[in-house]
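Visitor: Take a look at this one; I'll ask things after.
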Ligand SMILES: [Zn+2]
């Protein structure tokens, strides 16, 4: 299909803000939609729905984090030095040169100027679960 000079200029004007790459992407997309029988209006609806799903997911994960933090503050053990809520980290270094005693867990304090640390052999995943559920028993 050969364009007339007039048509060429019209299209050039209409698309001048787009780069070659964008126009190429448009052609690829338009061909794909055509082959799949998808209308541009459907793509717009799809984008709206997808955005909504992502927003809902983000909100849910924010809510989850807030609930987890609340549960942690409520049920996690406190620092014996400064009484701030302790944090827990899993130690992934296998027993050996970098972890001579083969520790699997580290309770630590982020209190101001407090360097409390307690290494242990606890299963961090289970403790997280128990603290979130409020069933953790720090009797050690
Ligand atoms: Zn402390």
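Bear in mind these aren't lab numbers, they're just calculated from the coordinates by the rules spelled out. Model, not experiment: these values are computed from the prediction. So basically every Cβ, Gly included, is an ideal-geometry build from the backbone, and we count neighbours across all protein chains shown.
Visitor: Once you compute Rg and the Kirkwood Rh from C-alpha atoms, what is the Rg to Rh ratio for the range 1-56? Write out the running numbers ahead of the final one.
Guide: Working: Rg = 15.5 Å, Rh = 13.7 Å.
Radius of gyration over Kirkwood radius for the range 1-56 works out to 1.13.
Visitor: If you don't mind, there's one more thing I want to ask. Hey, what's the Cα Rg ratio for the range 76-133 versus the globular rule of thumb, 2.2 N^0.38 Å? Write out the running numbers ahead of the final one.
Guide: On the way: Rg = 12.2 Å, N = 58, 2.2 N^0.38 = 10.3 Å.
So the range 76-133 has a normalised radius of gyration of 1.19.
Visitor: Please label the shape of the chain as rounded, prolate or oblate, based on the square roots a ≥ b ≥ c of the eigenvalues of the alpha-carbon gyration tensor (a/c under 1.5 means rounded; beyond that, a/b larger than b/c means prolate, else oblate).
Guide: Since a/c reaches 1.5 and a/b is larger than b/c, the shape of the chain is classed as prolate.
Visitor: Here is a further query. Please report the spacing between the Cα centers of the range 74-90 and the range 112-140 in Å, no decimals.
Guide: Between the Cα centre of the range 74-90 and that of the range 112-140, the gap is 7 Å.
Visitor: Now, a different point. In the P(r) worked out for the range 27-66, what percent of Cα pairs fall beyond 10 Å?
Guide: 73
Visitor: Applying 1/(1 + (r/R0)^6) with R0 = 22 Å to the Cβ-Cβ distance of residue 23 and residue 53, what FRET efficiency is obtained, to the nearest 0.05?
Guide: Numbers: r = 30 Å, r/R0 = 1.36.
Step by step, r from the Cβ atoms, then E = 0.15.
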